[in-house]
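Written below as structure tokens is the structure these notes are about.
The values are calculated or read from the model by the stated rules, or taken from the named source; none is laboratory data. Because the structure is a prediction, the values reported are computed rather than measured. Cβ placement follows ideal geometry from the backbone for every residue including glycine, while neighbour counts extend to all protein chains displayed. SASA here: full protein model, heavy atoms, side chains in, ligands and nucleic acids out. Shrake-Rupley method; radii C 1.70, N 1.55, O 1.52, S 1.80 Å.
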Amino acid sequence: MGANAILIASGPWDPHAWADAVHDGDPERPVFIWPDVPDRAAIRYVLAWKPPRGALTGFPNLGVMFSLGAGVDHLLPAEDLPDVPIVRVVDPDLTARMTEWVTLQVLLHHRRHLAYAAQQRVHRWRELPQPAAREVRVGIMGLGVLGRDAAEVLMRLGFAVAGWSRRPQSIAGVESFAGADRFDAFLGRTDILVCLLPLTPETRGILALPLFRKLARDGALGAPTLINGGRGGLQVEADIAQALDDGILGGASLDVFEVEPLPKESPLWDHPKVAITPHSAAWSSPQTLVPPILTQIRDFEAGRPLTNLVDRTAGY
Ligand code: NDP
Ligand code: OXD
């Protein structure tokens, strides 16, 4: 048999959990864990997450790279990236996890939970004005696999949901805005901005003061809210802190940061209007994500087309 081995290059994630899941699903398949690769010519597939420098080069028979997450910004900037197809994660488990996180954060701000938690700490009993969900306009940047699912759940909760993407998308009940021309109109009707964009050269740094100033100022919650579950590189944290202090933003939920872990001295940690999670919105589960990867490998070996391919030119 020709090259058929899998290399796990999972950066900060435990490689053994991924290797074990491969072994459970395909016990005959050789698996190596970077940097322990005795036979480089045997490697046909790489399963990668933030791969260490050099972990993707020098494999003459490499056929496919699999990103262990939905985002591929951890792979694409590499100058020495091999010219083979890249498959990313599209999986109902990961999608459901992200939708849970987005829904939790939208409701946290909508139901004023940060203010109630602060009141509870000082034993204060005071009811705050509470708009109905239908009075609140949620805008989702990125109407892809994750944005679409979150949109459908938020719509069922009653929120007025719109989305923004590169190309127009059709989701029943969700107003679709597409492209740079429609961006300001999208922002101008948005009270709670949810960002589920990929990090690309076009989207880097997009969540900054000029954008925050264009959000709706006539919403039922008072000032607009920012929720970012996409990537830290999309946001300018100094601008978020300033916008919160100046009342341009009324609150924020952040799962991703310019530098991760978020440095201890960041003012965001202690900000009363900010909810922080440690890039945990949608965890990649080896037991759940490896079986579809193995199915794709079997398809590839049988000459069938790969799915969930990354468009290298678009960057996602
Ligand atoms: P998709 O590729 O399915 O969707 C991306 C969406 O963003 C598409 O709607 C796309 O538009 C839109 N988009 C891309 N570039 C632009 C642009 N320049 N202007 C406007 N819209 C743009 O990705 P997923 O939904 O699967 O994932 C989104 C991101 O979520 C990932 O890239 C990753 O960074 C992040 N993520 C974070 C996790 C976490 O734990 N925090 C977990 C998983 C993912 P179009 O529809 O026209 O193509
Ligand atoms: C992903 C992530 O991209 O976990 O899947 O961030």
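A few remarks follow.
- For the stretch 170-273, the share of DSSP beta bridges that are antiparallel, to the nearest 5, is 20%.
- For the chain, the 222 nm mean residue ellipticity estimated from helices alone, with every DSSP H stretch of n ≥ 4 adding -39500 (n - 2.57) and the total spread over all residues, rounds to -8000 deg cm²/dmol.
- Kyte-Doolittle mean at least 0.0 and Cα axial length at least 18 Å: DSSP H helices in the chain: 92-110
- Listed values for the stretch 307-312 are Karplus-derived 3J(HN,Hα) couplings in whole Hz (6.51 cos²θ - 1.76 cosθ + 1.60, θ = phi - 60°), namely 10, 6, 7, 7, 8, 4, and x replaces Gly and Pro.
- Surface share of carbon and sulfur [accessible, 1.4 angstrom probe, percent] for the chain: 54 percent
- Per-residue HN-Hα couplings for the stretch 188-205 [Karplus 6.51, -1.76, 1.60; θ = phi - 60°; Hz; x = Gly/Pro]: x, 10, 10, 9, 10, 9, 10, 9, 10, 7, x, 8, 9, x, 6, 9, 4, x
- When you filter the GluC sites (Glu not before Pro) in the stretch 200-300 for DSSP loop state and at most 13 other Cβ atoms inside 10 Å of their Cβ, you are left with 202, 265.
- Using C-alpha pairs under 8 Å with a sequence gap of at least 6, the mean separation divided by the residue count of the stretch 143-297 gives a relative contact order of 15 percent.
- In this simple spin-label model, placing a label point 7 Å from the Cα along the Cα-to-Cβ direction at both residue 119 and residue 36 gives a separation of 5.7 nm.
- Annotation: amide H of residue 225 within the under-5 Å range of 192, 193, 250, sequence separation 5 or more or interchain, hydrogens built in the peptide plane.
- Reach of residue 50 by Cα under 20 Å, taken over aspartates and glutamates that are not fewer than 8 positions away in the same chain: 14, 20, 36, 73, 79, 80, 83, 91, 255, 258, 260, 311
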